[in-house]
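Undergrad: Got a structure here, written out as structure tokens. Questions coming.
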Amino acid sequence: MFVTPGYAEEVAPAAGEAHSTDATTAHTETGAEHGGGGLFPPFDTSNYPSQLLWLAITFGLFYLFLKNVVLPRVGGILEVRRDRIAGDLDQAARMKSEADAAVAAYEQELAEAKARANAIGQEARDEAKAEAEAKRKEVEAGLDQKLTAAEARIATIKANAMKEVGTIAEDTAAAIVQALGAGKVDKADIAAAVKAASK
Amino acid sequence: MANDPIHQFQISKLIPIEIGGLDFSFTNSSAFMVATVVAASAFLFLTTSSRGLVPSRLQSVSEMSYEFVASMLRDAAGSQGMRFFPLVFSLFMFVLVANLIGLFPYFFTVTSHLIVTFALALLVIGTVIVYGFMKHGFGFLKLFVPHGVPGILVPLVVLIEVISFLSRPISLSVRLFANMLAGHITLKVFAGFVTSLSAFGAVGVVGSILPLFMTVAITGLEVLVAFLQAYVFAVLTCMYLNDALHPGH
């Protein structure tokens with residue numbers, strides 16, 4: 001079976017000029033086992049016209065069909081898809097920028113609201129502080145007043161007490177002098193002596 | 001005959017047609033060309049029929065192939081090259097689907113015939129030449145004279161450029177043809193080992209495990225090759241078309 005290719009290569013060039021009639025006779029003499037043309041089929045020129053004709057017909061129709069029907073269609077599909085994708089991307093970009101703008105507006109509003117809230121809070125705080133300060137001052141003033149009143153009372157009590165201390169000392173001194181047996185001492189002398197001693 | 005690795009490339013007439021002494025029969029090859037075109041068209045047409053904004057899985061396969069070829073062409077030939085987009089896309093899909101259909105057992109591989117791949121390559125080169133002369137007139141011939149070559153080397157370089165230009169359709173077609181041919185022969189040979197070895201009783205059956213494994217592995221490789229060759233064909237088409245658009249290098 002391996003004889004055939006080598007054999008065909010020898011015969012093929014001859015077959016070109018001599019055509020198949022000679023080739024087939026030469027072939028039968030050599031006695032190959034298969035029927036048909038006997039030549040190595042791809043080099044058998046007798047089937048060339050038929051192959052060329054049918055190739056031209058089939059490939060020609062194929063070319064026309066692809067060129068006029070299939071390729072425009074596939075090209076159209078791809079075109080539509082590309083447009084659609086580009087359009088969708090545009091839309092997405094537009095939506096994104098809208099969303100960005102909305103976020104920016106929201107953030108600005110938020111900042112404003114925050115500032116406003118801070119201002120209101122500050123105001124309230126200040127007010128409360130001032131009120132508290134006023135109240136404190138009032139209370140302090142009251143306390144001061146009470147304090148001075150109390151001090152005044154203390155002073156009078158102290159003065160009274162000091163006055164009492166003088167008379168007690170005079171009484172005590174008179175009693176002591178009487179006990180010592182010095183007789184009756186003048187009350188004015190004692191008072192002068194006590195005054196001199198307490199100074 | 002069952003084990004003959006060449007038999008899968010045999011062309012058999014399904015509907016004999018003869019015009020002017022030439023054989024234009026509808027053969028199994030023609031049938032698989034029709035199958036390739038119908039399968040590819042139906043897939044592309046039906047999967048995109050809902051025109052879903054969010055594509056279904058199959059719709060995204062169609063869209064991916066569209067964008068794959070479009071970016072390939074735009075990278076190689078610039079946005080001016082997009083006028084050739086239907087051609088490049090048709091070539092890519094035709095070669096890819098023909099390669100993939102050929103991987104099914106008992107199916108014929110359209111691209112395993114040199115004349116088919118050569119016709120496709122000539123279509124590409126023909127487009128390059130016709131469009132190149134149409135757009136640039138004789139300025140297209142600047143393609144063969146690269147910039148910045150010292151005067152004394154110009155004849156040599158032009159000769160090399162011309163030869164390389166002429167060999168393009170050959171390399172473009174033979175690459176695809178040879179890849180498909182070799183891959184299918186290899187697959188068939190290894191698969192043939194499995195059946196012929198297992199004919200030798202128990203030892204043969206054990207021995208046939210390795211070729212069976214190879215067959216599975218090569219099938220995977222062939223799927224890759226089917227994609228890769230379609231890709232290579234389309235990429236080279238894009239690069240050649242770039243020459244037609246910008247011949248000044």
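The values are calculated or read from the model by the stated rules, or taken from the named source; none is laboratory data. Keep in mind the model is a prediction, meaning the values are calculated, not measured. Cβ placement follows ideal geometry from the backbone for every residue including glycine, while neighbour counts extend to all protein chains displayed.
Undergrad: Have a look at B:K188, B:K135, B:K142 and point out the one that is basic (K, R), within 14 Å of chain A (Cβ to nearest Cβ) and in a helix (DSSP H, G or I).
TA: Working: B:K135 fails: within 14 Å of chain A (Cβ to nearest Cβ); B:K142 fails: within 14 Å of chain A (Cβ to nearest Cβ).
Answer to the check: B:K188.
Undergrad: Condition (residue is in contact with a Lys or Arg (Cβ under 6 Å, 6 or more places away or on another chain), within 21 Å of A:L61 (Cα to Cα) and not acidic (D, E)) applied to the stretch B:80-97: is it met by at least one residue? Spell out how you get there, then give the answer.
TA: Step one: list which residues in the stretch B:80-97 are in contact with a Lys or Arg (Cβ under 6 Å, 6 or more places away or on another chain), which gives B:86.
Then keep just the ones that are within 21 Å of A:L61 (Cα to Cα); that gives B:86.
When the remaining residues are screened for being not acidic (D, E), the result is B:86.
Checking the stretch B:80-97: at least one residue is in contact with a Lys or Arg (Cβ under 6 Å, 6 or more places away or on another chain), within 21 Å of A:L61 (Cα to Cα) and not acidic (D, E).
Undergrad: Got a sec? Which of B:P169, B:P155 is in a helix (DSSP H, G or I) and exposed (fewer than 13 other Cβ atoms within 10 Å of the Cβ)?
TA: Working: B:P169 fails: exposed (fewer than 13 other Cβ atoms within 10 Å of the Cβ).
When all the criteria are applied, what remains is B:P155.
Undergrad: Here is a follow-up. Taking the stretch A:62-105, which residues are within 14 Å of chain B (Cβ to nearest Cβ) and either loosely packed, with under 10 Cβ neighbours inside 10 Å or farther than 29 Å from B:S90 by Cα (or both)? Show your work before the answer.
TA: Here is the first cut: in the stretch A:62-105, the residues within 14 Å of chain B (Cβ to nearest Cβ) are A:62-88.
The answer is A:A86, A:G87, A:D88.
Undergrad: Quick check: anything in the stretch B:220-230 surrounded by 17 or more Cβ atoms within 10 Å (Cβ to Cβ) and either more than 19 Å from the chain's Cα centre (by Cα) or over 30 Å from B:V174 (Cβ atoms) (or both)?
TA: Quick first cut of the stretch B:220-230, residues surrounded by 17 or more Cβ atoms within 10 Å (Cβ to Cβ) only: B:222, B:225-226, B:229-230.
Still in the running and either more than 19 Å from the chain's Cα centre (by Cα) or over 30 Å from B:V174 (Cβ atoms) (or both): none.
So far as the stretch B:220-230 goes, no, none of its residues is surrounded by 17 or more Cβ atoms within 10 Å (Cβ to Cβ) and either more than 19 Å from the chain's Cα centre (by Cα) or over 30 Å from B:V174 (Cβ atoms) (or both).
Undergrad: So B:F92 ticks every box in (1) within 28 Å of B:S29 (Cβ to Cβ); (2) facing chain A (nearest Cβ under 9 Å) but one. Which box is left unticked?
TA: (2)
Undergrad: Please go through the stretch B:26-39 and pick out each residue that is facing chain A (nearest Cβ under 10 Å), more than 14 Å from A:S46 (Cβ to Cβ) and among the small types (G, A, S). Reasoning before the result, please.
TA: Step one: of the stretch B:26-39, the residues facing chain A (nearest Cβ under 10 Å) are B:26-27, B:29-38.
Subset that is more than 14 Å from A:S46 (Cβ to Cβ): B:26, B:30-38.
Result: B:S30, B:A31, B:A35.
Undergrad: Please work out if A:G76 is assigned to a helix (DSSP H, G or I), of a type in the set (G, A, S) and in contact (Cβ under 8 Å) with a residue 12 or more places away in the chain.
TA: Working: assigned to a helix (DSSP H, G or I): yes; of a type in the set (G, A, S): yes; in contact (Cβ under 8 Å) with a residue 12 or more places away in the chain: no.
Judged against the criteria, A:G76 is not a match.
Undergrad: Could you run through the stretch B:45-65 and say how many residues are in a loop (DSSP other than H, G, I, E, B) and without any contact (Cβ under 8 Å) to a residue 12 or more places away in the chain?
TA: Going residue by residue through the stretch B:45-65, those that are in a loop (DSSP other than H, G, I, E, B) are B:48-56.
Then drop every residue that is not without any contact (Cβ under 8 Å) to a residue 12 or more places away in the chain, which leaves B:49-56.
The number of residues fulfilling the criteria is 8.
Undergrad: Is it true that some residue in the stretch A:31-40 is within 23 Å of B:I115 (Cβ to Cβ) and modelled with pLDDT of 80 or more? Write out each step before concluding.
TA: Going residue by residue through the stretch A:31-40, those that are within 23 Å of B:I115 (Cβ to Cβ) are A:32, A:34-40.
After this cut, where a residue has to be modelled with pLDDT of 80 or more as well, the list is A:40.
Looking for residues that are within 23 Å of B:I115 (Cβ to Cβ) and modelled with pLDDT of 80 or more, one finds at least one in the stretch A:31-40, hence yes.
Undergrad: Could you count how many residues in the stretch B:190-211 are among the hydrophobic types (A, V, I, L, M, F, W, C) and in contact with a Gly (Cβ under 7 Å, 6 or more places away or on another chain)?
TA: Filtering the stretch B:190-211 for residues among the hydrophobic types (A, V, I, L, M, F, W, C) gives B:190-191, B:193-194, B:197, B:199-200, B:202-203, B:205-206, B:209-210.
Adding the requirement that they be in contact with a Gly (Cβ under 7 Å, 6 or more places away or on another chain) leaves B:197.
The number of residues fulfilling the criteria is 1.
Undergrad: For the stretch B:62-80, check the following and say yes or no: at least one residue is of a type in the set (S, T, N, Q) and either in contact with a Gly (Cβ under 6 Å, 6 or more places away or on another chain) or under 13 Å from A:L66 (Cβ atoms) (or both).
TA: At the first step, the residues of the stretch B:62-80 found to be of a type in the set (S, T, N, Q) are B:62, B:65, B:71, B:79-80.
From the residues that got through so far, the ones that are either in contact with a Gly (Cβ under 6 Å, 6 or more places away or on another chain) or under 13 Å from A:L66 (Cβ atoms) (or both) too are B:62, B:65.
Yes, the stretch B:62-80 contains at least one residue that is of a type in the set (S, T, N, Q) and either in contact with a Gly (Cβ under 6 Å, 6 or more places away or on another chain) or under 13 Å from A:L66 (Cβ atoms) (or both).
Undergrad: Still on this structure, I have one more. Mind checking whether some residue in the stretch B:40-48 is of a type in the set (F, W, Y), surrounded by 14 or more Cβ atoms within 10 Å (Cβ to Cβ) and within 10 Å of chain A (Cβ to nearest Cβ)? If you could, list the steps in order and put the result at the bottom.
TA: Kept after step one, since they are of a type in the set (F, W, Y), are these residues of the stretch B:40-48: B:43, B:45.
Restricting the remaining residues to those that are surrounded by 14 or more Cβ atoms within 10 Å (Cβ to Cβ) gives B:43, B:45.
Add one more test, that the residue is within 10 Å of chain A (Cβ to nearest Cβ), and what stays is B:43, B:45.
Taking every residue of the stretch B:40-48 in turn, at least one turns out to be of a type in the set (F, W, Y), surrounded by 14 or more Cβ atoms within 10 Å (Cβ to Cβ) and within 10 Å of chain A (Cβ to nearest Cβ).
Undergrad: Are any residues in the stretch B:3-25 at the interface with chain A (Cβ under 7 Å from one of its Cβ atoms) and in a strand (DSSP E or B), and if so, which ones?
TA: Within the stretch B:3-25, B:L22, B:D23 qualify.
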